[in-house]
1. Restricting to the stretch 131-158, give me the number of residues that are more than 27 Å from residue 235 (Cα to Cα) and outside any loop (DSSP other than H, G, I, E, B).
2. Mind checking which residues of the stretch 283-306 are open to solvent by 20 Å² or more (accessible area, probe 1.4 Å), over 17 Å from residue 52 (Cβ atoms) and either in contact with a Phe, Trp or Tyr (Cβ under 7 Å, 6 or more places away or on another chain) or not in a strand (DSSP E or B) (or both)?
3. Are any residues in the stretch 332-368 open to solvent by 40 Å² or more (accessible area, probe 1.4 Å) and within 24 Å of residue 295 (Cβ to Cβ), and if so, which ones?
4. Which of the residues that make up the stretch 244-266 are open to solvent by less than 10 Å² (accessible area, probe 1.4 Å), part of a strand (DSSP E or B) and either among the basic types (Lys, Arg) or touching a Pro at 6+ places or on another chain (Cβ under 7 Å) (or both)?
5. I need the full set of residues from the stretch 63-100 which are assigned to a loop (DSSP other than H, G, I, E, B) and either crowded, with 23+ Cβ neighbours inside 10 Å or modelled with pLDDT under 95 (or both), in order please.
6. From the list 112, 122, which one is part of a loop (DSSP other than H, G, I, E, B) and out of contact with any helix residue (DSSP H, G or I) (no Cβ under 6 Å at 6 or more places or on another chain)?
7. Any idea which of 360, 334, 309 is in a helix (DSSP H, G or I), touching a strand residue (DSSP E or B) at 6+ places or on another chain (Cβ under 9 Å) and modelled with pLDDT under 95?
8. As an exercise: evaluate residue 128 against (1) in a helix (DSSP H, G or I); (2) surrounded by 23 or more Cβ atoms within 10 Å (Cβ to Cβ); (3) over 30 Å from the mean Cα position of the chain (by Cα) and give the number of the one condition it does not meet.
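The values are calculated or read from the model by the stated rules, or taken from the named source; none is laboratory data. What you see is a predicted model, and the numbers here were worked out from it, not measured in a lab. Note that each Cβ is placed from the backbone with ideal geometry, even for glycine, and that neighbours are counted across all protein chains shown. For the accessible areas, the whole protein counts, side chains as well, though only heavy atoms, and no ligand, DNA or RNA atoms are used. Shrake-Rupley method; radii C 1.70, N 1.55, O 1.52, S 1.80 Å.
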Amino acid sequence: MRKKKIRFSALVLCVAFLLGAVFWGGVRPACVVWAEEDGETQEPDFRLYAQSAVLMDAETGRILYEKNGYDPRPMASTTKIMTCILALENGNPEDIYTVSSYAASMPKVKLGAVAGEEYRMGDLLYSLMLESHNDAAVVIAEGVAGSAEAFAEKMNQKAVEIGAEHTHFITPNGLDAEDEAGIHATTAADLARILRYCIVESPKREEFLNITRTASYSFRDVKETRSHSVTNRNSFLTMMEGALTGKTGFTGKAGYCYVGALSRDGKTYIVALLACGWPNNKNYKWKDTMALMNYGLEAYEYRGIYDGGNFAGRIGVTGGKEEEVSLVQEGEVGALMREDETARVVWWQEGALPAPVTAGQVVGETRVYLGDTCLAELPIKTAGSVEARTLTDCLDEIFACFFLRNPEV
């Protein structure tokens, strides 16, 4: 009799434990994290004229080289890349804009538009980007947002969205200005990010490139009383094979500025320069731009870093009809890298999963870094499903195990 009581007590404990596993999912361990550290790299020693400079990989947004790249400085007419992309995204090239007296009062460089004249927005964009006309910028800003001040608000909102956190816009043309929030300024890093948005991320990137790569353009006002011809002042377009786009700028406070992009041999680079000399040194910006572009072309090659298809793993399941489920991951990660660079791979994964488990359930993530730049975030998912054990399943297992193995009970 005592022997039967002991066995019955053991049976009760087994039932309680298994029911707990079924209905409470057991104890769920903390997530597990692994990391592979990256190695140290040696930065090149450039002798640039620009007080601030950045070389960026346009595909990933990773900054490959910077000189005071995070110092805010006036950026002059490089501002107009933001004006152009906002106009393309918020307006229509066929929209008709009227020149205000305020727009007509802008200083040179200017189209010479007269108050009351009407122009197609699409034509004004060529005036803006090829000849860098200050009055065209204001006409566009007023046409898109109602006023230059309202347009500046849109510029600042877009800067935040892009991640240009140290940029402050006051004017649509880049003339030196100051308000209660500070001066009209950006950083070389932010300026590169803005151009990257224009040529990589914006839904209007093709239109932006078509305008800024045009050599010359002619147009008339809506009433066809006056005609205008504009010529592209971006000399970099003819300096290097693969030159994509760019915008010059100059004011007394900003000095010569430039932001431009080049694509060659499967590599796309962006260079941003601020305070790159003052008169009579307007060619310093071309020397710095070509030096940085050539460095990117020579020092960096595309390398595969991580292949998610090689991921293989399993994860435990509590309270399920199966004790484990396989894991899968998709995606490949590669980037432009120097020979002395190594990537850093960090990943985390749940310690166990409570049933039921569905196929495609995210249970972890792999992140691939180069320096401080996260190149990719690849989810780790379950390859299949696992049903939860029911009370009936649990009791069947208990009785099958207990009575078949202990027939004397």
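1. Of the residues in that region, 14 qualify.
2. 283, 290, 294, 297, 298, 299, listed by residue number.
3. 339, 340, 342, 344
4. Within the stretch 244-266, 247 is the sole residue that qualifies.
5. 74, 75, 99 - these are the residues of the stretch 63-100 that are assigned to a loop (DSSP other than H, G, I, E, B) and either crowded, with 23+ Cβ neighbours inside 10 Å or modelled with pLDDT under 95 (or both).
6. From the options 112, 122, the qualifying one is 112.
7. On the way: 360 fails: in a helix (DSSP H, G or I); 334 fails: in a helix (DSSP H, G or I).
Testing whether each residue is in a helix (DSSP H, G or I), touching a strand residue (DSSP E or B) at 6+ places or on another chain (Cβ under 9 Å) and modelled with pLDDT under 95 leaves just 309.
8. Exception for residue 128: condition (3).
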